[in-house]
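The values are calculated or read from the model by the stated rules, or taken from the named source; none is laboratory data. Only a predicted model underlies this, so the values are computations on that prediction, with no experimental measurement involved. Quick reminder, even Gly has a Cβ in these numbers, built from the backbone with ideal geometry, and neighbours come from all protein chains shown.
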Amino acid sequence: MCAPEATNLSMHKQLPFCTLKKQSLNMEILSKIATNDKHGENSPYFDGWKAYERNPFHLTKNPQGVIQMGLAENQLCFDLIEEWIRNNPKASICTPEGVHQFRDIANFQDYHGLQDFRNGMANFMSKVRGGRVRFDPDRILMSGGATGANELIMFCLADPGDAFMVPTPYYPAFVRDLCWRTGVQLIPVHCDSSNNFKITLPALEEAYQKAKEEKINVKGLIITNPSNPLGTTLDKDTLKSLVSFTNQKNIHLVCDEIYAATVFNTPSYVSVSEVIQEMENCRKELIHVICSLSKDMGFPGFRVGIVYSFNDTVVNCGRKMSSFGLVSSQTQHMLASMLLDENFVTKFLEESSRRLAERHDKFVKGLEEVNITRFPSNAGLFCWMNLKGLLEEQSFESELKLWRVIIHEVKINVSPGSSFNCSEPGWFRVCFANMDDETVDVALKRIRAFVGKEGTKKPLGFKRWRPNLRLSFSSSKFDHETVLSPHSPIPTSPLVRAT
Amino acid sequence: MAVDHQTQLLSKIAIGDGHAEASPYFDGWKAYDEDPFHPTNNPNGVIQMGLAENQLTSDLVEDWIVSNPEASICTPEGVADFKAIANFQDYHGLPEFRNTVAKFMGRTRGNRVTFDPDRVVMSGGATGAHEVVAFCLADPGDAFLVPIPYYPGFDRDLRWRTGVQLVPIKCESSNNFKLTRQALEAAYEKAKEDNIRVKGVLITNPSNPLGTVMDRNTLRTVLSFINEKRIHLVCDEIYAATVFSHPSFISIAEILEEDTDIECDHDLIHIVYSLSKDMGFPGFRVGIIYSYNDAVVNCARKMSSFGLVSTHTQYLLASMLSDEDFVERFLQESAKRLSQRYRVFTSGLAKVGIKCLQSNAGLFVWMDLRHLLKKPTFESEMELWRVIIHEVKINVSPGSSFHCPEAGWFRVCHANMDDRAVQVALQRIRNFVLQNKEVNKKPCWQSNLRLSLKARRFEEIMMSPHSPIPRSPLVKATN
């Protein structure tokens, strides 16, 4: 069977848009959740996706197309995976070597998950953290990707109307994952470039107190470490202070660690699970970790989301909830084998780091050649690019204007900082790990051409671009409900090969 | 950690028992888990007949797998696709997957209707599908009407995290638990009296636990009813391909297409489907929502992000289900084997005077043990149930766990075992019945068990097929 090919818009039949009358009828007969906007997909950011969708870049077939740099995917190490797959036919229930297990695996729906799978995950999670912490397989809960994991933990920790604090800038789809069906609200903790986007105690206190004044019940703080979109890791002291802060306030600390294995440079990664080992009197029952294989291994399609809680009641309850999003037993079985192969995991993690570092360095160097700086990072699949110097004025309107130019003239899909609720305009997240080297070269070439002539170093602030577009940007408020979901407000369903 | 403290710390959902697993019925699971039957290693163990699984056709699937290595991304023939598939996370799903699921759904309905692949939305098993539909159609506090007896998992799937309620529609054994217009009206009116807003009706067709299919008239009646009241109709058709004899299965999709004399707003109609029962793949978590309401398709699709089918599995199934010859053979053979199994089991029971509700679908029988009850009460049913587990050593599901309005019915699954195990089960049942007949005519089985039945609401029971099994040391005893 062929892998899905790129398809164009016309091949996928779109459902007819509701007439106004139907829409108002639907408002009566459907739920509030179904008829509100909290899924976050009605946003002006569709443009970037549509532009890519209509004209996807291909090195040979469509070299003038839009390059997709808005997707945080890790495609650098599939050769290692493929090699392992070929050498380990028993890992599959579909090979002659493995088919005798098909029946049992296809039939296995126990929400505890396959023991080997949990052991393999615990093993992998530990290795990713340098073996400095051991994970208990019995605390590993499955869920429908990190998307499902984040929602699940909210259902366990918060009631509708309760709030979680979240440092800005943050992953746009948190709005959907944490809030949409749970009724939880997000309280931003503002971080900005003046102190390198650090999460400070005063900022936390301010957000917490403000919520209290508004009679909002704060249930916890959710952090992403390594950070999306910053690509940085938190140092031990900061982590300890976050643990102390949340402990002291008797609120939860949820740590989204889905980028843990994308750390490619010093400082080395410190997980909250390590930090709490060192803190006496720490209330572990308030600590919960979210993991996934989507970023670390490049398997977003396999929907492997993990909730790891130090709270027994949460584990119990969460395990029952995992029924709504268990990992396919076929996939559990395959991954169990892979992740229990210690040699492979060690080799994979080392090589993945090395290639990410290489890709990062190449990309950053290319940016620096035209005086584009980025926020220094040591992890993630992206750069947090500083384009303040290219803004007409320091405003979000200007940022969106620039963004549309980048999409339609430079022809690269990137993600504007405002979609991450960044409190200051001019930042853009650019993903670089979802493509091959040649495509990176093309992207850099286009950026170079856009910003200045190759070789000359023009000071920033020189604005050469003139937008030829009718700017159809609606002046909608930059509320917290704009999302660039990686999977997908795209109205068609092609799989587009990155290269 | 004190319970009080947890009560403040965690959500109401986490602290409550809306997961519906706190129940005395743990006994059945525990008994099996502690002492599982094995034909050679443990021939006196407890036989598991509480799990509605379809294991009769695994050999056909295995043969197909071996002959079609390119269906897997893990074989030499298929590994070239590994990267693209592992990387694909679009919630529309692989187009091939949606297309073949739509075709398969048509096939299991005798090709009398066609399904639109663009309306096929994925979810985390049928479990996830029901929850998503509830989230789309109802607000917290709203209710769905459900005919009793019904699958206990609905209590969790439709209610737990959604805050939706279930209101029972009474069906009586006197007319074979048929769903009547009067019963629908009565349930609807009762809800109104209790100030509960009814958003829809949920039917399971073929029925779990009855194993029967709905006739055309009943389906038409339900359709008229919901249309009149302007409420939704959710049809759980996950047992569609387990129909093994007449009368044939009629899907709501057929009524919509053919019975155009009935006025019906298609925006109110939604189907929940799955491959767990029809193909025997519960582990693969293939739940499908098929709605005739565009807004629901759109919304459910966005929600499917919380429970997409692994692309690893989408890829395999797209291949398998596109093999029309295989599908044809599979469906025929599956029906044949289910029919045979049903006949063997029910005739074995009949030999000792045990009747079952006449059925032609499902992976179980609805066994009538009213005559063995000491008294026609649920306490008596529970007593008998414990005896069946601990003395007859078969795990079956008591009717009360399905909210059956009448005591004495038991659901017994027969498609999750081989022929030998069926014979052992029948033998044990025969022995039990005959032993008791010898003494006198009235049921006088002595239960040697300390009856630890708690005065607990029967609504909070659950026989989860996947697992109140207290294997994990973290799972504490029932609340």
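For region A:157-167, does any single residue satisfy the condition of being more than 10 Å from every other protein chain (Cβ to nearest Cβ), touching a Cys at 6+ places or on another chain (Cβ under 6 Å) and under 22 Å from A:Arg429 (Cβ atoms)? Can you show your working first?
We begin by selecting, within region A:157-167, every residue more than 10 Å from every other protein chain (Cβ to nearest Cβ); these are A:161, A:163-167.
With the extra rule that they be touching a Cys at 6+ places or on another chain (Cβ under 6 Å), the set shrinks to A:167.
Among the residues that remain, those that are also under 22 Å from A:Arg429 (Cβ atoms) are: A:167.
Scanning region A:157-167, I find at least one residue that is more than 10 Å from every other protein chain (Cβ to nearest Cβ), touching a Cys at 6+ places or on another chain (Cβ under 6 Å) and under 22 Å from A:Arg429 (Cβ atoms), so the answer is yes.
Looking at the structure I just gave you, is B:Val222 in contact with a Ser or Thr (Cβ under 9 Å, 6 or more places away or on another chain) and among the β-branched types (Val, Ile, Thr)? Steps first, please.
Numbers: in contact with a Ser or Thr (Cβ under 9 Å, 6 or more places away or on another chain): no; among the β-branched types (Val, Ile, Thr): yes.
The answer is no for B:Val222.
Residues to consider are A:Leu484, A:Leu471; find the one that is within 14 Å of A:Gly48 (Cα to Cα), assigned to a loop (DSSP other than H, G, I, E, B) and either modelled with pLDDT of 95 or more or within 17 Å of the chain's Cα centre (by Cα) (or both). Working first, answer last.
Numbers: A:Leu471 fails: either modelled with pLDDT of 95 or more or within 17 Å of the chain's Cα centre (by Cα) (or both).
None of the others qualify; the one that does is A:Leu484.
Could you tell me which of the residues B:Asp278, B:Asp261 is part of a loop (DSSP other than H, G, I, E, B), of a type in the set (D, E, K, R) and either crowded, with 21+ Cβ neighbours inside 10 Å or at the interface with chain A (Cβ under 8 Å from one of its Cβ atoms) (or both)?
Every option except B:Asp278 fails the conditions.
Would you pick out the residues in region B:109-164 that are closer than 22 Å to B:His266 by Cβ, facing chain A (nearest Cβ under 9 Å) and β-branched (Val, Ile, Thr)?
Matches in region B:109-164: B:Val132 only.
Here is a yes/no grid of residues against (1) polar (S, T, N, Q); (2) assigned to a loop (DSSP other than H, G, I, E, B); (3) closer than 25 Å to B:Gly211 by Cα:
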{"position": "B:Ala31", "(1), (2), (3)": "no, no, no"}
{"position": "B:Thr40", "(1), (2), (3)": "yes, yes, no"}
{"position": "B:Gly50", "(1), (2), (3)": "no, yes, yes"}
{"position": "B:Gln55", "(1), (2), (3)": "yes, yes, yes"}
{"position": "B:Glu62", "(1), (2), (3)": "no, no, no"}
{"position": "B:Val66", "(1), (2), (3)": "no, no, no"}
{"position": "B:Phe82", "(1), (2), (3)": "no, no, no"}
{"position": "B:Gly110", "(1), (2), (3)": "no, yes, yes"}
{"position": "B:Val113", "(1), (2), (3)": "no, yes, yes"}
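Collect the residues in region A:49-74 that are in a loop (DSSP other than H, G, I, E, B) and aliphatic (A, V, I, L, M), keeping them in residue-number order. If you could, list the steps in order and put the result at the bottom.
In the first step, residues of region A:49-74 are kept if they are in a loop (DSSP other than H, G, I, E, B); the result is A:55, A:57, A:59-61, A:63-65, A:69-74.
Residues satisfying the conditions are A:Leu59, A:Met69, A:Leu71, A:Ala72.
Taking region B:99-110 as the search range and keeping residues that are touching a Ser or Thr at 6+ places or on another chain (Cβ under 8 Å) and not hydrophobic (A, V, I, L, M, F, W, C), which one is farthest from A:Pro300 (Cα to Cα)?
Looking at the filtered set, the residue picked out is B:Gly110.
Within region B:20-27, does at least one residue satisfy the condition of being part of a helix (DSSP H, G or I), within 19 Å of the chain's Cα centre (by Cα) and at pLDDT below 90?
First, pick out the residues of region B:20-27 that are part of a helix (DSSP H, G or I): B:26-27.
Narrowing the set further to residues that are within 19 Å of the chain's Cα centre (by Cα) leaves B:26.
Retained after the next criterion (residues that are at pLDDT below 90): B:26.
Among the residues of region B:20-27, at least one is part of a helix (DSSP H, G or I), within 19 Å of the chain's Cα centre (by Cα) and at pLDDT below 90, which makes the answer yes.
Could you list, in sequence order, the residues of region A:122-143 that are assigned to a strand (DSSP E or B) and either without any contact (Cβ under 8 Å) to a residue 60 or more places away in the chain or aliphatic (A, V, I, L, M) (or both)? Steps first, please.
Looking only at region A:122-143, we keep the residues that are assigned to a strand (DSSP E or B), and these are A:140-143.
A:Ile140, A:Leu141, A:Met142 - these are the residues of region A:122-143 that are assigned to a strand (DSSP E or B) and either without any contact (Cβ under 8 Å) to a residue 60 or more places away in the chain or aliphatic (A, V, I, L, M) (or both).
Out of all the residues in region A:75-113, which are in a loop (DSSP other than H, G, I, E, B) and more than 9 Å from chain B (Cβ to nearest Cβ)?
Within region A:75-113, A:Leu76, A:Cys77, A:Glu97, A:Gly113 meet the criteria.
Would you point out the residue of region A:199-215, among those that are in contact (Cβ under 8 Å) with a residue 40 or more places away in the chain and surrounded by 15 or more Cβ atoms within 10 Å (Cβ to Cβ), that is nearest to A:Arg374 (Cα to Cα)?
A:Ile199
Among (1) buried (at least 22 other Cβ atoms within 10 Å of the Cβ); (2) of a type in the set (D, E, K, R); (3) out of contact with any Asp or Glu (no Cβ under 7 Å at 6 or more places or on another chain), which single condition is B:Asp157 missing?
Result: B:Asp157 fails condition (3) only.
Checking the condition aromatic (Phe, Trp, Tyr), more than 14 Å from every other protein chain (Cβ to nearest Cβ) and touching a helix residue (DSSP H, G or I) at 6+ places or on another chain (Cβ under 8 Å), which residue from B:Tyr273, B:Tyr239 passes? Walk me through it before giving the result.
Numbers: B:Tyr239 fails: touching a helix residue (DSSP H, G or I) at 6+ places or on another chain (Cβ under 8 Å).
Just a single option satisfies the conditions, and that option is B:Tyr273.
Among the listed residues A:Ile153, A:Ile222, A:Ile187, identify the single one that is over 25 Å from A:Glu274 (Cβ atoms) and either in contact with a strand residue (DSSP E or B) (Cβ under 8 Å, 6 or more places away or on another chain) or not in a helix (DSSP H, G or I) (or both).
On the way: A:Ile153 fails: over 25 Å from A:Glu274 (Cβ atoms); A:Ile222 fails: over 25 Å from A:Glu274 (Cβ atoms).
Going through A:Ile153, A:Ile222, A:Ile187 in turn, just one is over 25 Å from A:Glu274 (Cβ atoms) and either in contact with a strand residue (DSSP E or B) (Cβ under 8 Å, 6 or more places away or on another chain) or not in a helix (DSSP H, G or I) (or both): A:Ile187.
Please specify each residue of region B:75-108 satisfying the condition of being among the hydrophobic types (A, V, I, L, M, F, W, C) and more than 9 Å from chain A (Cβ to nearest Cβ).
B:Phe97, B:Val101, B:Ala102, B:Phe104, B:Met105
Taking A:Ala146 and the conditions (1) at pLDDT 95 or above; (2) part of a loop (DSSP other than H, G, I, E, B), which numbered condition does it fall short on, given that it satisfies the others?
(2)
Scan B:Ile148, B:Ile203 and give me the residue that is surrounded by 18 or more Cβ atoms within 10 Å (Cβ to Cβ) and in contact with a His (Cβ under 6 Å, 6 or more places away or on another chain).
Being surrounded by 18 or more Cβ atoms within 10 Å (Cβ to Cβ) and in contact with a His (Cβ under 6 Å, 6 or more places away or on another chain) holds for just one of B:Ile148, B:Ile203, which is B:Ile148.
Would you tally the residues in region A:238-268 being away from every other protein chain (no Cβ under 14 Å) and part of a helix (DSSP H, G or I)?
12
Determine whether A:Ser329 is surrounded by fewer than 21 Cβ atoms within 10 Å (Cβ to Cβ) and either touching a residue at least 12 places away in the same chain (Cβ under 8 Å) or of a type in the set (Asp, Glu) (or both).
Spelling it out, it is not the case that A:Ser329 is surrounded by fewer than 21 Cβ atoms within 10 Å (Cβ to Cβ) and either touching a residue at least 12 places away in the same chain (Cβ under 8 Å) or of a type in the set (Asp, Glu) (or both).
Take the residues of region A:15-48 that are among the aliphatic types (A, V, I, L, M) and either part of a loop (DSSP other than H, G, I, E, B) or within 21 Å of the chain's Cα centre (by Cα) (or both): which is modelled with the lowest pLDDT?
Taking the candidates together, the pick is A:Leu15.
Looking only at residues in region A:277-301 that are β-branched (Val, Ile, Thr) and touching an Asp or Glu at 6+ places or on another chain (Cβ under 8 Å), which one is nearest to the other protein chains (Cβ to nearest Cβ)?
A:Ile290
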